[in-house]
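J.: One structure follows; several queries about it will come next.
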Amino acid sequence: MAKRPNLPRNVWIAGAVSLFNDISSEMVYPLLPLFITGVLGASRASLGLIEGVAEATASLLKVWSGSLSDRFRTRKVPMAIGYGLSLAARPLIASAQTWGAILVARFGDRVGKGIRTAPRDAVLADSTPMESRGRAFGVHRGMDTLGAALGPAAALVMLSVLSYDIRTVFWISIGPGFVALLLVALIRDDVPKHSDGVPRPTLRAAFSQGGAFRQFLWVTALFNLANSSDTFLLLKAQSVGFSVGKVTAVYLLFNIFYAAVSGPIGAWSDAWGRGKVTLVSFFYYALVYLGFAFAQAPWAVVVLFVLYGPFQAVEEGVKKAYVSELVPRERMGSGMGAYNAVKGVALLPASLMTGLLWDHVGPMAAFSASAAVSCLAGLLWIAMGRRARKEEGGP
């Protein structure tokens, strides 16, 4: 059996940056819905609005930053700006007195995420041969998620030591975020030169690319109407009787399993096909969300959080590796940005609709609706694939 090649240096550095940044952000994230609805007294619809605006903003900015990183041939600069803005949002969250202040802080945090994500994903694609990209994105996602596991673990310990003083945990989260920002300086820019005769990368060029990439963008837009913020899963855990500490512990368990499976699932997608793995993930997501819709026992919610890990490994790793197959190398940042922007357009209505359904009908309706839309996305992709094969004269 041939030995797999070592992953490039940039993959490990980008992974370390994400690890420390996620330690910082995930000390905040699992506590935020409880802080917003409990301490600040806001509604679940307000939570949906906050998360929808935040995530949509992030994804829309990704196409802009990705295109600029192609044009100016630097990934490092937008990454540094992005991580810096997210770090600056931490003290705003810690000092917030109203849910409107949280909205402003989350907006700033997600602006940072929007600026850094497409260039960071392009770093992984620029630095890694095509045959290893699933593993590269999977390993990066594993390191990112390890940080997402360590963050809630640190928060859980601090909550018990600090008598559940959530604000102090938010202040302490600034430290690892600062380490992440420092590590960005070690990234080496390896952006390909623009080929002669190839149009310079622009936003229009990214969105006008046809074929399989455009089909995948349509499917992505539909699916993400189902893919509301994970804060609603945390509220589900609370609704079946988990305390603040236990919600954080469940989220920690989810991230440990997510980190463990990300690398293997990425390597599996290299061998079996990233498109096939992505297709299966739509129906897998639907089954997990149906489970959340009907789960009433605490043990069932714990099992569902664990089962949710493999889906996230595909969503945040395999799908990006698949996108890297579909766009030219000199437009990698723009392509990654376009993909993330399409995701973001759907995130605002997805989270807002989930919050409204939960408030006015109940959690079963909210999660069931997400499951149904995910199945529709999978069926749409199958139909598009069959139509394309017929147009090409295939069976």
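J.: Which is of a type outside the set (K, R), in a helix (DSSP H, G or I) and under 18 Å from the mean Cα position of the chain (by Cα), of A346, A371, A366? Working first, answer last.
T.: Details: A371 fails: under 18 Å from the mean Cα position of the chain (by Cα); A366 fails: under 18 Å from the mean Cα position of the chain (by Cα).
Checking each option against the conditions leaves just A346.
J.: Give the residues of region 85-100 that are touching a helix residue (DSSP H, G or I) at 6+ places or on another chain (Cβ under 6 Å) and surrounded by fewer than 18 Cβ atoms within 10 Å (Cβ to Cβ), sorted by residue number. Reasoning before the result, please.
T.: Step one: list which residues in region 85-100 are touching a helix residue (DSSP H, G or I) at 6+ places or on another chain (Cβ under 6 Å), which gives 85-87, 89-90, 92-94, 96, 99.
Residue satisfying the conditions is L92 alone.
J.: Sticking with this structure for a sec: Within region 65-109, track down each residue that is of a type in the set (K, R) and touching a Gly at 6+ places or on another chain (Cβ under 9 Å).
T.: First, pick out the residues of region 65-109 that are of a type in the set (K, R): 71, 73, 75-76, 90, 106.
Hits for region 65-109 are R71, R75, R90.
J.: Further question on the same structure: Quick check, is Y285 modelled with pLDDT of 90 or more and buried (at least 17 other Cβ atoms within 10 Å of the Cβ)? Full working, then the answer.
T.: On the way: modelled with pLDDT of 90 or more: yes; buried (at least 17 other Cβ atoms within 10 Å of the Cβ): yes.
Considered against the rule, which asks whether it is modelled with pLDDT of 90 or more and buried (at least 17 other Cβ atoms within 10 Å of the Cβ), Y285 comes out as yes.
J.: Inspect all residues belonging to region 141-161 and state whether any of them is among the β-branched types (V, I, T), at pLDDT 90 or above and part of a helix (DSSP H, G or I). Don't jump to the end; show me each part of the working.
T.: Taking region 141-161 and keeping what is among the β-branched types (V, I, T), we get 145, 157, 161.
If we keep only those that are at pLDDT 90 or above too, we end up with none.
No, region 141-161 has no match at all.
J.: Filter the helices (runs of 4 or more DSSP H) completely within region 39-133 down to those with at least 3 residues that are of a type in the set (A, V, I, L, M, F, W, C) and modelled with pLDDT under 75.
T.: 44-71
The values are calculated or read from the model by the stated rules, or taken from the named source; none is laboratory data. What you are looking at is a predicted structure, and each value in this text was computed from that prediction instead of being measured. Virtual Cβ from ideal backbone geometry, glycine too; neighbours counted across all protein chains shown.
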